[in-house]
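Heads up: the structure comes next, in structure tokens.
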Amino acid sequence: MADLDRVREALRASMTAWATLEVRGDQARVTPAPDPDGLALHLERLDPQWSLTWACDSVQPPVVRARLTLLGTVREGLASAHTLQDAKLAALADAARTYGVAPAGEPTWVEYDADDGPNTADLEADAPPPAPGARPLPPEPPRDPQMDKARRHIEDLLEQLKVAGRGGDAARVLMRGYGETLEESRAIYKELQALLKS
């Protein structure tokens, strides 16, 4: 049990990177993820034999699988994101969830520049307060409780598909997102249900 607590501490301490899940115009949806270099420093102390491997399930759209072997246990994460590098980070964050370490809060919308990437500077936990007159973060798109509920149902079904070994197929279905409308979300849910039954 003490080892698991140390693993969780290492994962939490390394949660300093940001994975860009999707981009819409000048906005990007980002989520915290473990920084692989920072994680390596922490895990080396816990288990000199630890390993982290990546498998690319799809280049376009980017779908990546992360396989973390630590203290004799193998855990996997699967994710899709805006680029392969972002999918690697998101897959590592998904593997961290299997240890009970999840990012605080939901993915967040931030400003996005094609050259500079997402502006996550204001999201850093230890960031100093913004200077007077600083421009606030762009507002997150309005949330619809029905869409949130549909998303939770899709995520529950996604977990079942991962357990059934169909996570890669499910990720390909979800490459277009969870749907922009309730009808689209329902259609995606039905498509995932058909995968589970097949």
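The values are calculated or read from the model by the stated rules, or taken from the named source; none is laboratory data. Quantities reported herein were computed from a predicted structural model and do not represent experimental measurements. Here the Cβ is made from the backbone with ideal geometry for all residues, glycine too, and neighbour counts use every protein chain on show. In case anyone asks, the SASA skips ligands and DNA or RNA and just uses the protein heavy atoms, side chains included. Shrake-Rupley method; radii C 1.70, N 1.55, O 1.52, S 1.80 Å.
Within region 96-147, the set of residues being modelled with pLDDT under 85, closer than 29 Å to residue 4 by Cα and outside any loop (DSSP other than H, G, I, E, B) comprises 123 only.
This table checks each residue for (1) of a type in the set (Ser, Thr, Tyr); (2) assigned to a loop (DSSP other than H, G, I, E, B); (3) under 30 Å from residue 147 (Cα atoms).
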{"position": "22", "(1), (2), (3)": "no, no, yes"}
{"position": "31", "(1), (2), (3)": "yes, no, yes"}
{"position": "53", "(1), (2), (3)": "yes, no, no"}
{"position": "78", "(1), (2), (3)": "no, no, yes"}
{"position": "94", "(1), (2), (3)": "no, no, yes"}
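Of the residues making up region 16-39, none is farther than 23 Å from residue 116 by Cα, in contact with a helix residue (DSSP H, G or I) (Cβ under 9 Å, 6 or more places away or on another chain), of a type in the set (D, E, K, R) and not assigned by the TED database to the domain that holds residue 158. Pairing residues of region 93-119 that are over 24 Å from residue 25 (Cβ atoms) with residues that are assigned to a helix (DSSP H, G or I) and modelled with pLDDT under 85, at Cβ distances under 8 Å and at least 6 apart in sequence or on separate chains, gives 99/4. For region 167-186, the set of residues classified as farther than 14 Å from residue 80 by Cβ and open to solvent by less than 60 Å² (accessible area, probe 1.4 Å) consists of 179, 181, 182, 185, listed by residue number. Inside region 148-198, residues that are within 24 Å of residue 23 (Cβ to Cβ), without any contact (Cβ under 8 Å) to a residue 40 or more places away in the chain and outside any helix (DSSP H, G or I) make up a count of 4. Evaluation of residue 49 against the conditions (1) more than 23 Å from residue 170 (Cα to Cα); (2) in a loop (DSSP other than H, G, I, E, B); (3) in contact (Cβ under 8 Å) with a residue 40 or more places away in the chain shows that the sole unmet condition is (3). With respect to residue 54, determine if the residue is among the aromatic types (Phe, Trp, Tyr), open to solvent by 30 Å² or more (accessible area, probe 1.4 Å) and under 12 Å from the mean Cα position of the chain (by Cα). So residue 54 does not fit the description; no. Among all positions in region 31-39, there is no residue which is open to solvent by 10 Å² or more (accessible area, probe 1.4 Å) and more than 21 Å from residue 10 (Cβ to Cβ). Within region 64-79, identify whether any single residue is among the polar types (S, T, N, Q) and either under 17 Å from residue 168 (Cβ atoms) or open to solvent by 20 Å² or more (accessible area, probe 1.4 Å) (or both), and answer yes or no. For region 64-79, residues among the polar types (S, T, N, Q) and either under 17 Å from residue 168 (Cβ atoms) or open to solvent by 20 Å² or more (accessible area, probe 1.4 Å) (or both): present. Restricting region 57-89 to residues that are over 23 Å from residue 155 (Cβ atoms) and modelled with pLDDT of 90 or more, the residue that is nearest to the chain's Cα centre (by Cα) is 85.
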